[in-house]
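Written out below as structure tokens is the structure these notes cover.
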Amino acid sequence: MGIFDAIGIDAGIVLIIVILIQLVLIFFLVKQSMKLARLTNKYKMFMRGKDAISLEKAFEKKFEEVDAMTEAVKYQADEIYKLKEIQKMTLNKTAIVKYDAFKDVGGKLSFALAMLDKENSGFVLNAIHSREGCYTYVKEIVKGESYIVLGEEEKEALRQAVNAHNDIG
């Protein structure tokens, strides 16, 4: 006497049900195998890439390009920093005031030229034109101030240069 006889179920019916379940499972297994085969083929085509170049190699090439660009950006940032440091020392704030030094000599041939750095240090160049010749004087400027007395035109050129905003970055 078996288990099926004890509970009143015919063993043949159980066998038929088990076979049907197995057939359904085999059907789903075949269906999933076909899907997997199609997906595998698509994957191989995708990885093969265009012009016989594999996708992996294309990715490697792009990553190398990105690394090279990153290095170039770092180098350029360092160079920009160096240029900004150099630029701080340059005379980039300028102003010129033209004037007539003498009443009998017209045309505003005389001038005061102020050239300053970012810290407002530099010089004022004064060129005085007369009938006898041209005389040039230079006066040092430290932080916007001169230790030598400045003429009106020199003061105006210095004021304009101090207020100039010719800074780069």
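Conditions tested, residue by residue: (1) of a type in the set (Lys, Arg); (2) in contact (Cβ under 8 Å) with a residue 40 or more places away in the chain.
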position	(1), (2)
Asp5	no, no
Phe27	no, no
Ser33	no, no
Met45	no, no
Arg48	yes, no
Lys62	yes, no
Gln76	no, no
Asn92	no, yes
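Considering only segment 92-101, I want to know if a residue exists there that is out of contact with any helix residue (DSSP H, G or I) (no Cβ under 7 Å at 6 or more places or on another chain), closer than 30 Å to Ile128 by Cα and basic (Lys, Arg).
To start, the set of residues in segment 92-101 that are out of contact with any helix residue (DSSP H, G or I) (no Cβ under 7 Å at 6 or more places or on another chain) comprises 92, 98, 100-101.
Now narrow it down to the ones that are closer than 30 Å to Ile128 by Cα: 92, 98, 100-101.
Going one step further and asking which of them are basic (Lys, Arg), we end up with 98.
Yes: one or more hits.
When you scan segment 1-17, how many residues do you find that are part of a helix (DSSP H, G or I) and surrounded by 10 or more Cβ atoms within 10 Å (Cβ to Cβ)? Show your work before the answer.
Within segment 1-17, the subset part of a helix (DSSP H, G or I) is 3-7, 11-17.
Applying the additional criterion that residues be surrounded by 10 or more Cβ atoms within 10 Å (Cβ to Cβ) yields 4-5, 11, 13-17.
Total meeting the criteria: 8.
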Conditions (1) at pLDDT below 90; (2) of a type outside the set (S, T, N, Q); (3) exposed (fewer than 11 other Cβ atoms within 10 Å of the Cβ); (4) over 17 Å from Lys93 (Cβ atoms): number failed by Ile168: (4)
Matching residues in segment 83-119 - criterion: being in a helix (DSSP H, G or I), modelled with pLDDT of 85 or more and surrounded by 10 or more Cβ atoms within 10 Å (Cβ to Cβ): Leu83, Lys84
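The values are calculated or read from the model by the stated rules, or taken from the named source; none is laboratory data. These numbers were taken from a predicted model, which means no experiment stands behind them. All Cβ positions, glycine included, derive from the backbone under ideal geometry; neighbour counts span all protein chains shown.
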